[in-house]
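One structure is given here, and the rest of the page talks about it.
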Amino acid sequence: MLADLTFANTYFSTRVFGGLWLNYNDKLKEQALQTATDRINLLAYQGTKKDPDQPHEFPRSHHKEIPEDVKKAVCEEAFAILQRGEDPDPDFQIERESYAGVSVTYNSTLIPVHKIHGLTSYKAWNFLVQYLKNPTTVRITRT
């Protein structure tokens, strides 16, 4: 995994509402961290892997170790998975709202960029975007 349970527990101990992380058992948290790692490994990053045989996308050739922001992204994605479920279904974006007439218009073409790339957490996306090759490109691989 790109971030282990010890890192995640420490990270959430310093976050507002981080105590909600403690509501989940360790096995479930580790599964969420692994799922988050798997999703984050699917994105296209700048540079190359430090070691071509390493199982994960980080560290990259220009990093000594896995960057702190990548570990935080794994934690945020894992937490979002635990809270919202594993499937990052696109949410419709509100295009227009009214108050007195109680009118809301949703637009299915305005899918949040993090969901297009397969992430549940916008916070995770914000931590990762600086490392992406091109945030508008999706890498597809077959296994």
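When you scan the range 21-40, how many residues do you find that are in contact with a helix residue (DSSP H, G or I) (Cβ under 8 Å, 6 or more places away or on another chain) and not in a helix (DSSP H, G or I)? Let's see the steps before the verdict.
As a first pass, look at the range 21-40 and keep what is in contact with a helix residue (DSSP H, G or I) (Cβ under 8 Å, 6 or more places away or on another chain): 21-22, 24, 26, 28-30, 32-33, 35-37, 39-40.
With not in a helix (DSSP H, G or I) added as a condition, the list becomes 24.
So the count comes out to 1.
For the range 21-56, which residues satisfy the criterion of being surrounded by fewer than 13 Cβ atoms within 10 Å (Cβ to Cβ) and of a type in the set (A, V, I, L, M)? It would help to see each step written out before you state the result.
Applying the first criterion (surrounded by fewer than 13 Cβ atoms within 10 Å (Cβ to Cβ)) to the range 21-56 yields 22-23, 25-27, 46, 48, 51-55.
The one that is surrounded by fewer than 13 Cβ atoms within 10 Å (Cβ to Cβ) and of a type in the set (A, V, I, L, M): L22.
P135: crowded, with 16+ Cβ neighbours inside 10 Å, at pLDDT below 90 and over 21 Å from M1 (Cβ atoms), yes or no? Explain how you work it out, then say what you get.
Working: crowded, with 16+ Cβ neighbours inside 10 Å: yes; at pLDDT below 90: yes; over 21 Å from M1 (Cβ atoms): yes.
It is true that P135 is crowded, with 16+ Cβ neighbours inside 10 Å, at pLDDT below 90 and over 21 Å from M1 (Cβ atoms).
Taking only pairs six or more apart or across chains, which ones have beta-carbon atoms under 9 Å, a first residue in the range 11-22 that is free of Cβ contacts under 8 Å to residues at least 24 places away in the same chain, and a second residue that is surrounded by fewer than 11 Cβ atoms within 10 Å (Cβ to Cβ)?
From the range 11-22, the pairs are S13/G19.
Mind listing whichever residues of the range 65-78 are of a type in the set (A, V, I, L, M, F, W, C) and either in contact with a helix residue (DSSP H, G or I) (Cβ under 6 Å, 6 or more places away or on another chain) or not in a helix (DSSP H, G or I) (or both)?
At the first step, the residues of the range 65-78 found to be of a type in the set (A, V, I, L, M, F, W, C) are 66, 70, 73-75, 78.
Matches in the range 65-78: I66, A73, V74, C75, A78.
Checking V16 against (1) part of a loop (DSSP other than H, G, I, E, B); (2) at pLDDT 95 or above, which test does it fail?
Here V16 clears every test but (2).
Being polar (S, T, N, Q) and within 17 Å of the chain's Cα centre (by Cα) is the filter here, so list the residues in the range 10-35 that pass it.
Here is the first cut: in the range 10-35, the ones polar (S, T, N, Q) are 10, 13-14, 23, 25, 31, 34-35.
Those that are polar (S, T, N, Q) and within 17 Å of the chain's Cα centre (by Cα): Q31, Q34, T35.
When you go through H56, H62 one by one, which is the residue that is in a loop (DSSP other than H, G, I, E, B) and modelled with pLDDT of 95 or more?
Result of the check over H56, H62: H56.
Given the conditions (1) on the phi > 0 side of the Ramachandran plot; (2) modelled with pLDDT of 95 or more; (3) among the hydrophobic types (A, V, I, L, M, F, W, C), which single one is not true for V102?
It is condition (2) that V102 fails.
May I ask you to say which residue of L110, L119 is assigned to a loop (DSSP other than H, G, I, E, B), at pLDDT below 70 and among the hydrophobic types (A, V, I, L, M, F, W, C)?
L110
Restricting to the range 10-20, and then to whatever is out of contact with any Phe, Trp or Tyr (no Cβ under 9 Å at 6 or more places or on another chain) and within 26 Å of E57 (Cβ to Cβ), can you tell me which residue is surrounded by the most Cβ atoms within 10 Å (Cβ to Cβ)?
T10
The values are calculated or read from the model by the stated rules, or taken from the named source; none is laboratory data. All values derive from a computational prediction rather than experimental measurement. Heads up, the Cβs are rebuilt from the backbone with ideal geometry, glycines too, and the neighbour counts pull from every protein chain shown.
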